[in-house]
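Working notes, structure below.
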There are 2 protein chains.
Amino acid sequence: MKILIVEDEPLIAEDIAEILQKNEFIVTNIAYSKEFALSELSTNLPDMALLDINLNNKMDGIEIAQIIQANYQIPFIFITSYSDKNTLEKAKLTEPSGYIVKPFNEASLCSSIEIAYYNHTQKSKRHFPELNLVKLNANLTDKISDREFDLLKLIYEGKTNKQIAETLFISGNTVKKHINNIYLKLNTISRATTLVKLRESMSV
Amino acid sequence: MKILIVEDEPLIAEDIAEILQKNEFIVTNIAYSKEFALSELSTNLPDMALLDINLNNKMDGIEIAQIIQANYQIPFIFITSYSDKNTLEKAKLTEPSGYIVKPFNEASLCSSIEIAYYNHTQKSKRHFPELNLVKLNANLTDKISDREFDLLKLIYEGKTNKQIAETLFISGNTVKKHINNIYLKLNTISRATTLVKLRESMSV
DNA sequence: TCCAAAATTACCCAAAAGGGTAAGCATTTC
DNA sequence: GAAATGCTTACCCTTTTGGGTAATTTTGGA
């Protein structure tokens, strides 16, 4: 796993790098500033980033986190001591994959990285707009026939009636009929309310 | 915050309890066995549980985690040393709110608990159909104005144009205009595709 | 104060979605 | 074999939604 370290204190950075390399992680680079971190991200994207929250006494780490969150799909961990509440609050909002609290030891560092990476891959799985029967409430799926579920999956992906008809090789009228039945069974009145219901059923 | 400690080594348990009490946490009890932990959970539910993965050389901690996950809505943290991969793998499956890696210090223990508790409350919020700006990709929200976001939230809840108009005290024409602009900015073509995009943006 | 952006409204038109009824087949079940 | 269920299609009509243009008002800064 390729890791980028963003840390302004050379001693700590070197320390982390050494530990990581000993444990079969690859350290792509050590960035001592926000600017260098960003250029490194854009030219040589790692699998994960370790970010010191307080870079050169500014909250640059959080800014980097926001940029990663918006533009790259890699997990990041904050390196932090027991910071003040405000900073911690802002850090939390970036939804980091984990935290490493200073002082840390070899075991906790490696564990944290592995766990964070695992969590991130789990989260990424949610990306795919694949409706999973298992995830739905039983009383929702019980009512719905197999065919209707085919339709429901396509609705879930945002398809129009026309697209659904083409996908399933059935007439537009049939699509409408099925969708009508789905609404009756789920007690919804539209695609939108159906999508809301699915979202809620799945996030239990 | 009321915390239950499940740890079979009295020294460690006492150590943790002491630290917690010094930091304004309330330790409801210390459970040295699975059985006692379960009875404590059912009679005196805490706000959070700290679970040693290896209880009396068995993986009882994981079992407790599974039971908490299935029956109680409280967050739990694993207390662990660098365990073997199999155990760690199983522990991850219970989706704990965090890990505390031994040896830990006061700061890391308290940080971990606070962060884990925060994460858990965030997760719970996903139940409710509330759209959170912070959770959206920056490049999505940057484009959207405050007012448009008001509309987006209502779309997110499955409201019709009419309902939105009544909620925001604006004309149906205005609603349509705003929604049109939202589609342009998000590069979507309908409520359904917008809901899909929101879903995907939020699960990053 | 003045400009620019955002918010509001209206209007027109077209496409999409939704509700209800009816009916022909294929299957499974009793 | 009859009944029930599910899948398919068609047709009707209504409502909702979406796209585009234009114009006015509000609002927030510069």
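The values are calculated or read from the model by the stated rules, or taken from the named source; none is laboratory data. Not measured: the values here are computed from a predicted model. Don't worry about glycine lacking a Cβ; one is built from the backbone with ideal geometry, like all the others, and counts go over all protein chains shown. Remember, those area values only see protein heavy atoms, side chains included, never the ligands or the DNA or RNA. Shrake-Rupley method; radii C 1.70, N 1.55, O 1.52, S 1.80 Å.
Being over 17 Å from A:Ala13 (Cα atoms), modelled with pLDDT under 65 and outside the structural domain of A:Gly158 (by TED's automatic domain parsing), is that true of even one residue in the range A:99-115?
Within the range A:99-115 (the criterion being over 17 Å from A:Ala13 (Cα atoms), modelled with pLDDT under 65 and outside the structural domain of A:Gly158 (by TED's automatic domain parsing)), the answer is no, since none of the residues qualifies.
Do you know which residues across the range A:155-180 are closer than 22 Å to B:Glu157 by Cα, open to solvent by 20 Å² or more (accessible area, probe 1.4 Å) and in a helix (DSSP H, G or I)?
The answer is A:Asn161, A:Asn180.
For residues in the range B:31-77 being at pLDDT 85 or above and hydroxyl-bearing (Ser, Thr, Tyr), which is farthest from B:Ala17 (Cα to Cα)?
My answer is B:Ser33.
Would it be correct to say that B:Ile144 is open to solvent by 30 Å² or more (accessible area, probe 1.4 Å) and either assigned to a loop (DSSP other than H, G, I, E, B) or within 13 Å of DNA strand C (Cβ to nearest atom) (or both)?
It is false that B:Ile144 is open to solvent by 30 Å² or more (accessible area, probe 1.4 Å) and either assigned to a loop (DSSP other than H, G, I, E, B) or within 13 Å of DNA strand C (Cβ to nearest atom) (or both).
Of all residues in the range B:181-204, count the ones that are part of a helix (DSSP H, G or I) and within 13 Å of chain A (Cβ to nearest Cβ).
So the answer is 14.
In the range B:189-201, how many residues are modelled with pLDDT under 90 and open to solvent by 20 Å² or more (accessible area, probe 1.4 Å)?
3
For the range B:151-202, which positions are near DNA strand C (Cβ under 8 Å from one of its atoms) and of a type in the set (S, T, N, Q)?
If the condition is that a residue be near DNA strand C (Cβ under 8 Å from one of its atoms) and of a type in the set (S, T, N, Q), then B:Ser171, B:Asn173, B:Thr174, B:Asn181, B:Ser190 are the ones that fit.
Conditions first: (1) without any contact (Cβ under 8 Å) to a residue 12 or more places away in the chain; (2) farther than 22 Å from B:Lys197 by Cα. A:Arg199 passes all but one, so which condition is the exception?
(2)
I need every pair where a residue in the range A:165-189 that is outside the structural domain of A:Ser145 (by TED's automatic domain parsing) has its Cβ under 7 Å from the Cβ of a residue that is more than 7 Å from DNA strand D (Cβ to nearest atom) and hydrophobic (A, V, I, L, M, F, W, C), sequence separation at least 6 or different chains.
none
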